[in-house]
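Inspection log for the structure reproduced underneath, given as structure tokens.
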Amino acid sequence: MKVFGLAGWSGAGKTTLMVALVQKISARGVTVSTIKHAHHRFDIDRPGKDSFRHREAGATEVMIATPERWALMHEMRASPEAQLGELLAHMTPVDLLLIEGFKAHPHDKLEIHRPSLGKPMIWPQDPYIVAVASDAPLEDLPLPRLDLDDSSAIVEFILTRTGLAT
């Protein structure tokens, strides 16, 4: 399974680009899955539901299954946050796994950068950033620069970089 990531500051457009990439890549017959790192707490369950009650009672993992999908919820309790490698082990193998976030993990990444946000670029501190996608020209960039609005070109770059281009 090939792994490629998107990294950037909040508001740069990572999720919007991720959706466009998944649509275009899957339309080409390449199987693709995603992992999204969130810095905030979230819950896909609701109080009062059976699965919520199972977790509340102390279950470490609860799986919900229907004819359309299944979801596995794992409670960290007092354990440290799961590392990306640990999470990858739970993923069903596909051709390409796109990762949003997990900036510190050593995998190839595309930095999403909008100068209008006023945030510094990430690539100087991350040797795994292999290109930058931006909505503006960038001076003195030693990496390939892709147009943030050209998701087709970004798909070609990712598929070529991961060896999945046909």
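When you scan region 128-166, how many residues do you find that are within 17 Å of Ser26 (Cβ to Cβ), out of contact with any helix residue (DSSP H, G or I) (no Cβ under 8 Å at 6 or more places or on another chain) and without any contact (Cβ under 8 Å) to a residue 40 or more places away in the chain?
Residues in region 128-166 being within 17 Å of Ser26 (Cβ to Cβ), out of contact with any helix residue (DSSP H, G or I) (no Cβ under 8 Å at 6 or more places or on another chain) and without any contact (Cβ under 8 Å) to a residue 40 or more places away in the chain: 1 in total.
Residue by residue, here is whether (1) crowded, with 18+ Cβ neighbours inside 10 Å; (2) more than 18 Å from the chain's Cα centre (by Cα); (3) hydrophobic (A, V, I, L, M, F, W, C) holds:
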site	(1), (2), (3)
Glu68	no, yes, no
Met76	no, yes, yes
Glu86	no, no, no
Ala131	yes, no, yes
Leu141	no, yes, yes
Asp147	no, yes, no
Thr166	no, yes, no
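Suppose we filter Pro115, Pro93 for residues that are at pLDDT 90 or above, surrounded by fewer than 13 Cβ atoms within 10 Å (Cβ to Cβ) and in contact with a strand residue (DSSP E or B) (Cβ under 8 Å, 6 or more places away or on another chain); which single one remains?
Criteria check complete, one pass: Pro115.
Kindly list, by first and then second residue, each pair from a residue in region 9-22 that is farther than 15 Å from Phe102 by Cβ to a residue that is at pLDDT below 95 and surrounded by fewer than 18 Cβ atoms within 10 Å (Cβ to Cβ), limited to pairs with Cβ atoms under 8 Å and residues at least 6 apart or on different chains.
Within 8 Å, the pairs are Val22/Thr34.
Looking at Met18, Met73, which one is modelled with pLDDT under 80 and not in a loop (DSSP other than H, G, I, E, B)?
From the options Met18, Met73, the qualifying one is Met73.
The values are calculated or read from the model by the stated rules, or taken from the named source; none is laboratory data. All values reported here derive from a predicted model rather than from experimental measurement. Heads up, the Cβs are rebuilt from the backbone with ideal geometry, glycines too, and the neighbour counts pull from every protein chain shown.
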